[in-house]
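A short worksheet on the structure shown next.
Each reported figure results from applying straightforward, stated rules to the coordinates on display, with no laboratory input. Keep in mind it's a predicted model, so treat the numbers as computed, not measured. Don't worry about glycine lacking a Cβ; one is built from the backbone with ideal geometry, like all the others, and counts go over all protein chains shown.
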Amino acid sequence: MSQTHSGSRRLPARYAGIVMPVALSIVMSMIVSAVATVKNLGPSAEFFSAWPTAWLASWLIALPTLFLVLPLVRRFVALVVEPAGR
């Protein structure tokens with residue numbers, strides 16, 4: 001692990017391909033499950049008890065989906081976006 005100026009530890013750059021989809025899947029599944037849960041239950045106390053379970057179920061689907069789909073999305077983006085420096 002490398003260190004920053006403040007002394008905190010950071011993962012080496014080679015882990016970016018794993019950390020990015022994990023972080024993205026957490027954030028996106030939290031947002032989408034929150035929207036779906038509040039739509040179904042309304043902004044109530046029941047929302048706060050149901051949402052963590054809904055989020056976990058969403059995340060368990062989102063994470064492997066991102067690992068499978070991300071290479072295809074990268075190829076698609078490479079086809080429709082001009083490379084930097086042109």
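Of note:
- Dipole moment magnitude, nearest 20 debye, the chain about Cα centre, only Lys, Arg, Asp, Glu C-beta charged: 380 debye
- Between Val32 and Phe76, the FRET efficiency estimated from the beta carbon spacing at R0 = 22 angstrom works out to 0.55.
- Based on Cα atoms of the chain, Rg over Rh with Rh as the Kirkwood radius reads 1.13.
- Extension reserve of the Leu63-Ala16 stretch, reckoned as 0.36 nm per residue once the Cα distance is removed: 15.4 nm
- Placing a pseudo-label 7 Å from each Cα along the Cα-to-Cβ vector at Leu41 and Ser8 gives an inter-label distance of 3.1 nm.
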